[in-house]
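The values are calculated or read from the model by the stated rules, or taken from the named source; none is laboratory data. None of the values given here were measured: they were computed from a predicted structure. All Cβ positions, glycine included, derive from the backbone under ideal geometry; neighbour counts span all protein chains shown. SASA here: full protein model, heavy atoms, side chains in, ligands and nucleic acids out. Shrake-Rupley method; radii C 1.70, N 1.55, O 1.52, S 1.80 Å.
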Amino acid sequence: MAEDWDHTIADEMDEVAVKRLHRIEVRDGNGDPDQAVLEIRYRKIRILRPIGMPKYYPAPTLPVIHAEERETPNNRNKIDWKSIGS
C-alpha cells in the first residue's frame, strides 16, 4: 500500500508519466526474433510501515520501476514488469 489504505502502489504508478521509451529484442512463441517498445516509469513512493514495525521507525520510501510494453503483441505475452525495492 502507498501512503494510505485507499491508494495502492499501482494507483501511484498509473499517475506517473512515461519517462522513457526503450526498444528491446525478444523472442516470440516460435522462437523468432521480435521487437518490443517498453514504456518506462519510475518514482520513489512512501509506503505504509509493515505491521509489527515500531511506530518510531519512519514509513519506508522505496523506488518503484514499471516497464510495460506499449502495444499488445499477437504472438506472445505482453511484457509488464515491476520492481519495488532498493
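Annotations
- Between region 55-80 and region 24-40, the alpha-carbon center distance in angstrom: 18
- Computed over region 1-76: relative contact order in percent, which uses C-alpha pairs under 8 Å that are six or more apart: 30
- Scanning residues 5 or more positions from VAL26 or on other chains, those with amide H under 5 Å from its amide H are ASP34, GLN35, ALA36, with H placed 1.01 Å from N in the peptide plane.
- Expressed as a whole percent, the accessible surface of the chain that belongs to carbon and sulfur atoms is 48, based on a 1.4 Å probe.
- Amide hydrogen neighbours beyond the local backbone of ARG43, cut-off 5 Å, H modeled: VAL64
- Evaluating 6.51 cos²θ - 1.76 cosθ + 1.60 at θ = phi - 60° for every residue in region 39-52, the Karplus couplings come out as 8, 9, 10, 8, 5, 8, 10, 7, 10, 5, 4, x, 4, x Hz, glycine and proline recorded as x.
- Each principal axis of the Cα cloud of the chain was evaluated for its coordinate range; sorted largest first, these ranges are 54, 24, 23 Å.
- Test item: Cα-centred dipole of region 1-84, Lys/Arg +1 and Asp/Glu -1 on Cβ, debye: 480
- Surface exposure of region 1-79, expressed per residue as accessible area with a 1.4 Å probe, stands at 74 Å².
- Within the listed set LYS19, LYS55, LYS44, the residue fluctuating most in the Gaussian network model of the chain (springs between alpha-carbon atoms under 10 angstrom) is LYS55.
- Table column - 3J(HN,Hα) (Hz), region 21-30, Karplus curve with 6.51, -1.76, 1.60, x for Gly and Pro: 10, 9, 9, 10, 9, 10, 10, 7, x, 8
- Among the chymotrypsin sites (Phe, Trp or Tyr not before Pro) in region 24-86, those located in a DSSP loop and surrounded by at most 12 other Cβ atoms within 10 Å of their own Cβ are TYR56.
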